[in-house]
Amino acid sequence: MGVVTRAQSKRLRSQQSGSESDSEEPPPRGGEEEQGPDLINLLPDEILGSIISLLTNKEGARTQILSSRWRPLWRSALLNLDASGLCGMKEAVVSRILAEHQGIVRRFRVWPFNLDADSATLDSWLRSPVLDNLQELGFSFYPFVWPGPLMPHSALRFSSTLRVAKFSGCQFPDDAGHQLHLPNLQHLELGSVIISENSLHTLLAGCPALDKFVFGYIHEPPRRPQLPPSALHFPSTLRIAEFGGCRFPKTMDHQVHFPNLQQLVLESVSISEGSLHAMLSGCPALNNLRLGYSSGFRQFRINSLKLKHVEIYFADRLQELIVENAPCLERLDHCGAYEDNMHISIISAPKLEIRGRLTDNFSILQLGSWNHCGLNDVRISTVMRTVKVLALRFYKLRPDVIFNFMKCFPCMEKLYIKTHGDTGYPTQSHKDRNECLEHHLKKLWINYSACKWSDIQFVKFIVLNARVLESLVLNVEKHKKESSRYVKKERKRLQLSRRASRGAQIEFTCDDCYKEFPSPDPISCGSFNTGAF
């Protein structure tokens, strides 16, 4: 008699059961035998190791419990050891990983709580053989200890392989000039470091492939440290430069030239007006600029053929903002505590889409050849069809000012209005044809106080006449926003059921509008970030 296997026996019973029943065979129930093949385990070890290298350190280590096959994979996979984000990864854990790992470590980053103040622990880690081919290195000592500990010489032994280097809170050794040639380095960040003028000059000269350079001081002594002149002599390959927490030299070399620099960030720096404009004139390829709470200049003039995005946050009072010649400028954002009594002049910016905040206390607004003494003097004859987003801040606002802006910027799609006083009801003269209301305005954010009859009438007018409105956001007190009775009452009072745009969504909020006011892409125009170290 032949031997019947278990699978043959199961198939035979299934056929007999099917023949005894007139109904169709029921679908098989889920179980271990009905599951599909384990496709992941069919992959070779090299691919599984690549997958593990994309996980965090904690998740990668957990793959060892999956099966006996996975147990050795993590120890031999390409490792990105980032201890900076794990508060629980102490010295012993980092040391154990470096001692037991059998593969290549591509990235190694540690945070102040991982390090001793004397840098001995860091030195022992950096001498580990598994780091021989390191491509990304970053470490930070406590930035508020000045001066910081001496950087171990072992940190510079990767000069031939490093592509990213981030050092913070330490002192560069003066006798390491021969190790400061990094032919493959593309990204360099120095935060609150002490480095001699000669060493910094040698370092930047030894990075022929450098693409991004960040230099600044995280902590702020009684007086901001002066930027070393060598920090402005980076290689011509550089495209992104960020400086923070320092003082620029009062007289900058006008021969300094940055031919390929595309993005520049000056965060909390002190720089004179002449030095600022001299620096910008030496950046012919610049397209993104951010001035974050920097000081030392009263006039800022934009005269650039390729500049596209500009962000300005005031630390001191800015008297004049002049866009003289910017054929590619698309986005201009400005705000700060000292916006009042400012002279704003936009002479030539044919592609400008986004404007910063305008207040009712600035002295002069010049659009093209027209001069306006404050917002109340805006004239209909001035037209800029490229402006798509605008923010207005008033103490007391007359609706005729808003409607004049709608005619000055007829293609405006988003309008943000902050008011602190009463408004006036739109007169009959404003109920005529308005291109912005009929064809372009999609979002309106406005401070709304239901106790003011004029606010109610103004918002009602917008609701009944904005034909393509998609979003109406009314800023109210928090307790009102959370009251369903209040919301229902105001929706009825504003005649939202009769709105001109049937698809418009109405929202009550208590958030500040400037939290969502559009800003340049952070990738395109970043900021000096202390967390980067």
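Of all the listed residues (LYS306, LYS250, LYS212), the sole one being of a type in the set (D, E, K, R), open to solvent by 20 Å² or more (accessible area, probe 1.4 Å), farther than 27 Å from VAL164 by Cα and in contact (Cβ under 8 Å) with a residue 24 or more places away in the chain is LYS250.
The residue pairs whose first member lies in segment 486-505 and is surrounded by 14 or more Cβ atoms within 10 Å (Cβ to Cβ), whose second member is of a type in the set (Lys, Arg) and not in a helix (DSSP H, G or I), and whose beta carbons are closer than 8 Å, counting only pairs six or more residues apart or on different chains, are ALA500/ARG467; SER501/ARG467. Scanning segment 227-243 for residues that are closer than 19 Å to GLY169 by Cβ and open to solvent by 10 Å² or more (accessible area, probe 1.4 Å) gives PRO228, GLU242.
In segment 68-125, the residue that is modelled with the lowest pLDDT out of those that are open to solvent by 70 Å² or more (accessible area, probe 1.4 Å) and closer than 17 Å to GLY169 by Cβ is ALA117. When segment 241-270 is filtered for residues that are among the hydrophobic types (A, V, I, L, M, F, W, C) and over 17 Å from SER304 (Cβ atoms), the ones remaining, listed by number, are PHE243, CYS246, PHE248, MET252, VAL269. Here segment 400-420 is the region considered, the condition is being open to solvent by less than 10 Å² (accessible area, probe 1.4 Å), over 25 Å from PRO327 (Cβ atoms) and in a helix (DSSP H, G or I), and the residue that is modelled with the lowest pLDDT is VAL401. Looking across segment 173-194, the residues that are surrounded by 20 or more Cβ atoms within 10 Å (Cβ to Cβ) and within 15 Å of PHE141 (Cα to Cα) come down to GLU189, LEU190, GLY191, SER192, VAL193.
Residues of segment 271-319 that are among the hydrophobic types (A, V, I, L, M, F, W, C), farther than 19 Å from GLY244 by Cα and modelled with pLDDT under 90: LEU318 alone. For CYS335, the test of being of a type in the set (A, V, I, L, M, F, W, C), open to solvent by less than 40 Å² (accessible area, probe 1.4 Å) and in a loop (DSSP other than H, G, I, E, B) is failed.
Taking segment 147-165 as the range and being under 21 Å from GLN135 (Cβ atoms) and open to solvent by less than 40 Å² (accessible area, probe 1.4 Å) as the test, the residues that pass are MET151, PRO152, SER154, ALA155, LEU156, PHE158, SER159, THR161, LEU162, VAL164, ALA165. Has segment 285-303 got at least one residue that is in contact with a helix residue (DSSP H, G or I) (Cβ under 6 Å, 6 or more places away or on another chain) and open to solvent by 50 Å² or more (accessible area, probe 1.4 Å)? No - not one qualifying residue is present in segment 285-303. Among the residues of segment 127-148, those identified as under 17 Å from LEU188 (Cβ atoms) and assigned to a loop (DSSP other than H, G, I, E, B) are LEU134, GLN135. When the helices (runs of 4 or more DSSP H) confined to segment 428-508 are screened for residues that are within 20 Å of LYS414 (Cα to Cα) and at pLDDT 85 or above, those reaching at least 2 such residues are found at 453-465. Taking residues in segment 383-407 that are of a type in the set (Asp, Glu), and partners anywhere that are surrounded by 20 or more Cβ atoms within 10 Å (Cβ to Cβ) and modelled with pLDDT under 80, the pairs with Cβ atoms closer than 8 Å and at least 6 places apart or on different chains are ASP400/PRO426.
The values are calculated or read from the model by the stated rules, or taken from the named source; none is laboratory data. Not measured: the values here are computed from a predicted model. With ideal geometry, Cβ positions are generated from the backbone for all residues, glycine too; neighbour counts draw on all protein chains shown. Accessible surface areas use protein heavy atoms only, side chains included; no ligands, DNA or RNA. Shrake-Rupley method; radii C 1.70, N 1.55, O 1.52, S 1.80 Å.
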